[in-house]
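The values are calculated or read from the model by the stated rules, or taken from the named source; none is laboratory data. What you see is a predicted model, and the numbers here were worked out from it, not measured in a lab. Don't worry about glycine lacking a Cβ; one is built from the backbone with ideal geometry, like all the others, and counts go over all protein chains shown.
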Number of protein chains: 4
Amino acid sequence: MEHRKLRAGIVGGGRGAFIGTVHRIAATLDNEAELVAGALSSDPEKAEVSAKDWYLKRSYASFEDMAKKEKMLPDGIDFVMIATPNHMHYPVIRAFAEQGIHVVCDKPLAFTVEEAEEIGKLVEKKKIVFALTHNYTGYPLVREARDMARSGKLGGIRKVIVEYLQDWLSSPIEKEGQKQASWRTDPAKAGISCCVGDIGTHGENLLEYITGIKIKSVCADLTTFVLGRPLEDDANILLRLENGGKGFLTCSQIATGEENNLCIRIYGTKASIEWHQQEPNNLIIKYPSAPMQVMRTNRSQACKEALTLCRIPAGHPEGYLEAFCNIYRNAIADIKALKANKPLARDYPSVHDGIRGMKFVAKCVESSTKGAIWTDL
Amino acid sequence: MEHRKLRAGIVGGGRGAFIGTVHRIAATLDNEAELVAGALSSDPEKAEVSAKDWYLKRSYASFEDMAKKEKMLPDGIDFVMIATPNHMHYPVIRAFAEQGIHVVCDKPLAFTVEEAEEIGKLVEKKKIVFALTHNYTGYPLVREARDMARSGKLGGIRKVIVEYLQDWLSSPIEKEGQKQASWRTDPAKAGISCCVGDIGTHGENLLEYITGIKIKSVCADLTTFVLGRPLEDDANILLRLENGGKGFLTCSQIATGEENNLCIRIYGTKASIEWHQQEPNNLIIKYPSAPMQVMRTNRSQACKEALTLCRIPAGHPEGYLEAFCNIYRNAIADIKALKANKPLARDYPSVHDGIRGMKFVAKCVESSTKGAIWTDL
Amino acid sequence: MEHRKLRAGIVGGGRGAFIGTVHRIAATLDNEAELVAGALSSDPEKAEVSAKDWYLKRSYASFEDMAKKEKMLPDGIDFVMIATPNHMHYPVIRAFAEQGIHVVCDKPLAFTVEEAEEIGKLVEKKKIVFALTHNYTGYPLVREARDMARSGKLGGIRKVIVEYLQDWLSSPIEKEGQKQASWRTDPAKAGISCCVGDIGTHGENLLEYITGIKIKSVCADLTTFVLGRPLEDDANILLRLENGGKGFLTCSQIATGEENNLCIRIYGTKASIEWHQQEPNNLIIKYPSAPMQVMRTNRSQACKEALTLCRIPAGHPEGYLEAFCNIYRNAIADIKALKANKPLARDYPSVHDGIRGMKFVAKCVESSTKGAIWTDL
Amino acid sequence: MEHRKLRAGIVGGGRGAFIGTVHRIAATLDNEAELVAGALSSDPEKAEVSAKDWYLKRSYASFEDMAKKEKMLPDGIDFVMIATPNHMHYPVIRAFAEQGIHVVCDKPLAFTVEEAEEIGKLVEKKKIVFALTHNYTGYPLVREARDMARSGKLGGIRKVIVEYLQDWLSSPIEKEGQKQASWRTDPAKAGISCCVGDIGTHGENLLEYITGIKIKSVCADLTTFVLGRPLEDDANILLRLENGGKGFLTCSQIATGEENNLCIRIYGTKASIEWHQQEPNNLIIKYPSAPMQVMRTNRSQACKEALTLCRIPAGHPEGYLEAFCNIYRNAIADIKALKANKPLARDYPSVHDGIRGMKFVAKCVESSTKGAIWTDL
């Protein structure tokens, strides 16, 4: 492959979108990709002005059009970023994957488990690079946590506590036209779940990502606190793990005063770890008979995988955007490797993680619908 | 009543006991009571040397003996402190209550729900002051939390998260003769539960104490992680509250690296609060659209009830012993009031809280035994 | 000596006094001493009612009278606690010391350096136990810090930062009759310094106590921010240490929003430590190439001297009163040892620490008066 | 001006440089500028490979050459970023300023006060936009702090404590060829100061930026702890402010275990604030008689200037790179405004801040050299 930045396109992310901007920054921050094309909105006029805001070379009114045309261009895009609501993941992925264009897609993977599984087959068939932005796995200290858990430093895992608490849906802002809230609480766009699908899956993914242990069954109590909302805005979920461990996952969008409070605690027989997304540069490690430790981002003691995801010296806080970028960093490296016929590292959340997440959501909804009873994954 | 300190006796608390010393300090720290008599151990020799360690005027080999004789003395004890294992609460309470001697008893109230209810009747019949040392309610900022929740400052309570995590039973230390561990894990002395009975009840009590809302039903998953232990050492419990709120309570004695990590978070429609027993002089208050606040012990903004439980200026940390003492402070004030025919304030955990706690434990065990299914309290 | 509690008397501490109550609790919390006599106020009526509040057996209108009479009693006091304003330390110490009665005295030791040195000679001559309540040295983790610094675990000490920040004198409350403020800001009662004498000395003492290194010279900039106040309410002080290390001590009584924020950081070539009085159960240890550690009170890793000063398991916070009590614990043990002709441990702040503190205050005032120039101690 | 991204060039920042990468990311993160040209190293070969690493269109072997040629190009750069060692600021600024090319330069502004003042004149004469990357002013909550201090919410400022502690120069790594350490400790490249010039100035700038109050005089004790190092690696500095306030600034590069611990505390008569660079999304506000508050980045209560510098919802941590980018964001906006003949906002550190910083360094060195005596700025 010639020496150049990769060329990226984006679907979704028009004016007013939060996550589109995040994808744009994350894809380009390391200077290994440039954004050249987009279908930024289903509203053609909005697509146009949004593309101009971002100085895109090529703007499309439809993603189908974009997929086909970009494929034909000599300087067409190498990969597409998908930042649309949930119901628009599957068709967009399909359109680009069928052209052999690599994909980085927002989570959850799809609208239904069935769609997710079809995507799985398609990705495999097309042999494209596919990354799902379970972005919290991009934090260096989450990598460190994974290394500790999987290398046995924690001993056997007995207990896991995962929390993801927000308050942005505490009142019915979807009725006031807030864009995010409107589609997140709309079953036609979000699917069968609001809170678990949006943030609970991040917790599930983080738990399995770090420990390498699968959730065996759930007992999920989903609640809609805001009157008239068709999907749940809160969930408390008991977990049983495949290794015999027990756990708990709570997620909420009505937890007054909470911002984006994702936290995971893992208790092993030898040591325990605790990590808070809002203070992501600390990893707390507790021992039975040694002082508690606080490992810090980019301090020399971390594992190699954690250190390679850091950009600046310890004490210069790296945050959400940098972690999100780390998903892109590894995906872009794999696209380059593929083009150069080199082996892939595949060190980013995959389509299989996406299918797993969809099943988790489906089983939680099923458990809750039946009265919060134990349900196997 | 003449101007004098109250006279206290103690049952339990012999050499090597942790909680006996706590009761002694708590009862006398405010200088309104003195410890004069005790039946400190069921082992007469140990009772004797322990009483000497504490410079007690009168030492008894049996609590029955003590109850009867103290009753007859002109300078007999005004109240008894009970710091024995769970199975020895009921008989001791009965012995002293029947003599009309006031009682301050460690929790849980009794060995079974039936015993607990009998104690309830006895206390009522005998018209004695009875305080149960759910000591965490003695922290000034827990009072402040109660004031906030009950006065409506939090709005409607939607979600509650209670945790009580320890690690002292992570390995089978009961087999090495550790005194505490031996009886806590022994069904003959501790009852049907180890972890929920010992610390889970503190969480339940704190939740109902602060919010004034009762737990309606539980779905409890109890686990014994340490092989061969006959009682559970960990529990994850889903909660449904009487007001429609939801919650979660987790307690553990095998959470490696945790010391005495009791924490409660209460999410209301107007505001939320968070309190950690290990940093008890901070009460975190979160709002939807105002900065987070940290209220501090004995800083002037607290409610009157919180302020009257403080001894020293803000910034001079008060801890566990002072909070424990606050239970005694209010109980002693009531004993004095009773002697003076004045109205009682009854501002300490009561026999009814004790019965409630026993039911909570029983229902959690029942739920878990049936496979972790929903069970009404 | 017979098996009994020691008998204590107190001078000062009448109604409304803060530190008198602290001394009472601290002296008796461990159950090795009882308070039997007092001269609680220079106002005889107030002395009487205060003594009754505390159920004292014997109340005196004058401390001279108390010293003489207690000496003659068969059950007279073993030691006296002095909780009077600064100008009343020297005469009270002298009165009791001359009777051979042991002394636990509040800091600063005296009103002037000269007085302090006389006390030093008197204590030596009378061979009494003398403890100065530089109470912050009583925290277990301060002992741990001392052990780390003195055993070489920190390497060579290069830099020290000590802060003691309060806000209680931010406005002229002495004009509104606040008792503490009135004498603290009155040169006739407090001496030549308010802020440095009251709290700066605690910082100086802590620094030398932990490191074992003496302050060689100071450059002190003292300020009176509240108009009309005759003594300083804030100070910034550069330090040069005898070992070539450098440092800084700041103390303030006008630092809005600060409660009792005493904090010390010590930077060595091998490791550094940080301790905050308001969260006294954490000792932070930082390394060049290992994760930061947080040592916790009564967790097994601490040194023996730290562990013996703990009463309750890790995670049950011990605070200011318990630390204050630890000074008494060791002083009482020494008084008992002396009575039993056993060797003394002398593990509490001494008259020499007191003299050192008086010199520090004097030199800071001298430095500042001359324009904040370097002044040797 | 046509609708396009601004074109940027960079001097310095070749392979192995830390701050060059930071400038690149910061300049382009908001998608309003692209990096097209550079003179990345004084070593032509290294310049060439470094430019290729970054996919630059044009690489130059000398900055003089770059300045002249870019000026002549139809698509020449709009502004230059300067990321060279201190001695190479002045000549580079001059080269580009004389071509009328806008400048964003790393701090300190120059090698000497004289150079700095010349730059001041040149910038004024050439009417270019000039921004100095005192990047810590780019944090949203630093803006909020400024708003609070300057709008009178803190009342009169009485006391200021500024700290900037690092440990990267704890041992003589300059002797092992560490690039940064080599020039920072070399008077020929760094100037008269290492620690104060590198990080002390950030503290000075932050203090004056937030409060709007100038430092009147300093008493600075500079120390070289690492043997053989020609410049200081630690400093303790007493401050007197123009408004009568007092303060203290400490900076260190040998504070074992510290990463990039920049912290500022400002005590006013009405309220106080505290901000830590390592947890930059919290601004602590303390009041005399209201609970402490913690303001959070991008939570709605902040001032408009703070909110416009946030990219992502509260709880998604923004860090060092985003703050650094905010300097560029405002500078780029001004360059665009200038091209469009619109008024400039000038909301970034200026050449005057740079001159001020140079004077501060010079006066600290002068004070210390004379024995740490008071020296007016």
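In the set (1) under 23 Å from A:Met148 (Cα atoms); (2) within 22 Å of the chain's Cα centre (by Cα), the condition left unmet by A:Met295 is number (2). Looking only at residues that are within 18 Å of the chain's Cα centre (by Cα) and among the acidic types (Asp, Glu) in region C:172-210, which one is nearest to B:His316 (Cα to Cα)? That would be C:Asp198. Just to be sure I understand, how many residues within region C:357-377 are part of a loop (DSSP other than H, G, I, E, B), of a type in the set (Lys, Arg) and in contact with a helix residue (DSSP H, G or I) (Cβ under 8 Å, 6 or more places away or on another chain)? Going through region C:357-377 one residue at a time, the tally reaches 0.
Here is the figure for region B:77-88: residues that are surrounded by 23 or more Cβ atoms within 10 Å (Cβ to Cβ) and either more than 24 Å from B:Cys325 (Cβ to Cβ) or outside the structural domain of B:Ser42 (by TED's automatic domain parsing) (or both) total 0.
Within region B:1-29, the set of residues being charged (D, E, K, R) and either farther than 14 Å from B:Met81 by Cα or over 19 Å from the mean Cα position of the chain (by Cα) (or both) comprises B:Glu2, B:Arg4, B:Lys5, B:Arg7, B:Arg15. Any residue that is assigned by TED's automatic domain parsing to the domain that holds A:Trp183, free of Cβ contacts under 8 Å to residues at least 40 places away in the same chain and not basic (Lys, Arg) - is there at least one of those in region A:255-274? Scanning region A:255-274 turns up at least one residue that is assigned by TED's automatic domain parsing to the domain that holds A:Trp183, free of Cβ contacts under 8 Å to residues at least 40 places away in the same chain and not basic (Lys, Arg). Any chance you could count how many residues in region C:96-139 are of a type in the set (S, T, N, Q) and more than 9 Å from the chain's Cα centre (by Cα)? Within region C:96-139, residues that are of a type in the set (S, T, N, Q) and more than 9 Å from the chain's Cα centre (by Cα) number 2.
The single condition among (1) over 26 Å from the mean Cα position of the chain (by Cα); (2) in contact (Cβ under 8 Å) with a residue 12 or more places away in the chain; (3) farther than 22 Å from D:Lys127 by Cα that D:Glu45 does not satisfy is (2). Residues in region D:147-165 that are more than 14 Å from chain C (Cβ to nearest Cβ), in contact with a Cys (Cβ under 9 Å, 6 or more places away or on another chain) and either buried (at least 24 other Cβ atoms within 10 Å of the Cβ) or not in a loop (DSSP other than H, G, I, E, B) (or both): 1 in all. Being in contact (Cβ under 8 Å) with a residue 40 or more places away in the chain and not in a loop (DSSP other than H, G, I, E, B) is the filter; apply it to region C:275-292 and report the residue that is surrounded by the fewest Cβ atoms within 10 Å (Cβ to Cβ). By that ranking, first place goes to C:Asn282. Each residue in region D:69-87 was checked for being in contact with a helix residue (DSSP H, G or I) (Cβ under 8 Å, 6 or more places away or on another chain) and either of a type in the set (A, V, I, L, M, F, W, C) or closer than 18 Å to D:Leu35 by Cβ (or both), and 9 of them qualify. If you filter region B:8-56 down to residues that are away from chain C (no Cβ under 12 Å) and of a type in the set (Lys, Arg), you find that the one that is surrounded by the fewest Cβ atoms within 10 Å (Cβ to Cβ) is B:Lys46.
Residue by residue, here is whether (1) in contact with a helix residue (DSSP H, G or I) (Cβ under 6 Å, 6 or more places away or on another chain); (2) surrounded by fewer than 24 Cβ atoms within 10 Å (Cβ to Cβ); (3) of a type in the set (A, V, I, L, M) holds:
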site	(1), (2), (3)
B:Thr224	no, yes, no
B:Leu227	no, yes, yes
B:Ala235	yes, no, yes
B:Leu238	no, no, yes
B:Gly247	no, no, no
B:Ser252	no, no, no
B:Ala255	no, no, yes
B:Asn260	no, yes, no
B:Cys263	no, yes, no
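Looking at D:Pro108, D:Pro74, just one residue is surrounded by 22 or more Cβ atoms within 10 Å (Cβ to Cβ) and in a loop (DSSP other than H, G, I, E, B), and that residue is D:Pro108.
Scan region C:303-313 and give yes if some residue there is touching a residue at least 12 places away in the same chain (Cβ under 8 Å) and among the polar types (S, T, N, Q), otherwise no. No; the residues of region C:303-313 include none that is touching a residue at least 12 places away in the same chain (Cβ under 8 Å) and among the polar types (S, T, N, Q). On inspection, C:Glu322 passes the criterion of being at the interface with chain B (Cβ under 10 Å from one of its Cβ atoms), closer than 14 Å to C:Thr28 by Cα, charged (D, E, K, R) and crowded, with 21+ Cβ neighbours inside 10 Å.
Among the residues of region B:111-122, those identified as surrounded by fewer than 21 Cβ atoms within 10 Å (Cβ to Cβ) and out of contact with any Asp or Glu (no Cβ under 9 Å at 6 or more places or on another chain) are B:Thr112, B:Val113, B:Glu114, B:Glu117, B:Glu118, B:Gly120, B:Lys121. Total residues in region D:280-294 satisfying the condition of being touching a strand residue (DSSP E or B) at 6+ places or on another chain (Cβ under 8 Å) and away from chain C (no Cβ under 14 Å): the figure is 2. Looking at region C:325-352 only, could you name the residues that are more than 16 Å from C:Glu144 (Cα to Cα) and within 14 Å of chain B (Cβ to nearest Cβ)? C:Cys325, C:Tyr328, C:Arg329, C:Ile332, C:Lys336 - these are the residues of region C:325-352 that are more than 16 Å from C:Glu144 (Cα to Cα) and within 14 Å of chain B (Cβ to nearest Cβ).
With respect to the conditions (1) closer than 28 Å to A:Cys310 by Cα; (2) out of contact with any strand residue (DSSP E or B) (no Cβ under 7 Å at 6 or more places or on another chain), A:Asp167 falls short on a single one, namely (1). Looking at B:Lys359, B:Lys286, just one residue is modelled with pLDDT of 95 or more and out of contact with any Gly (no Cβ under 8 Å at 6 or more places or on another chain), and that residue is B:Lys359.
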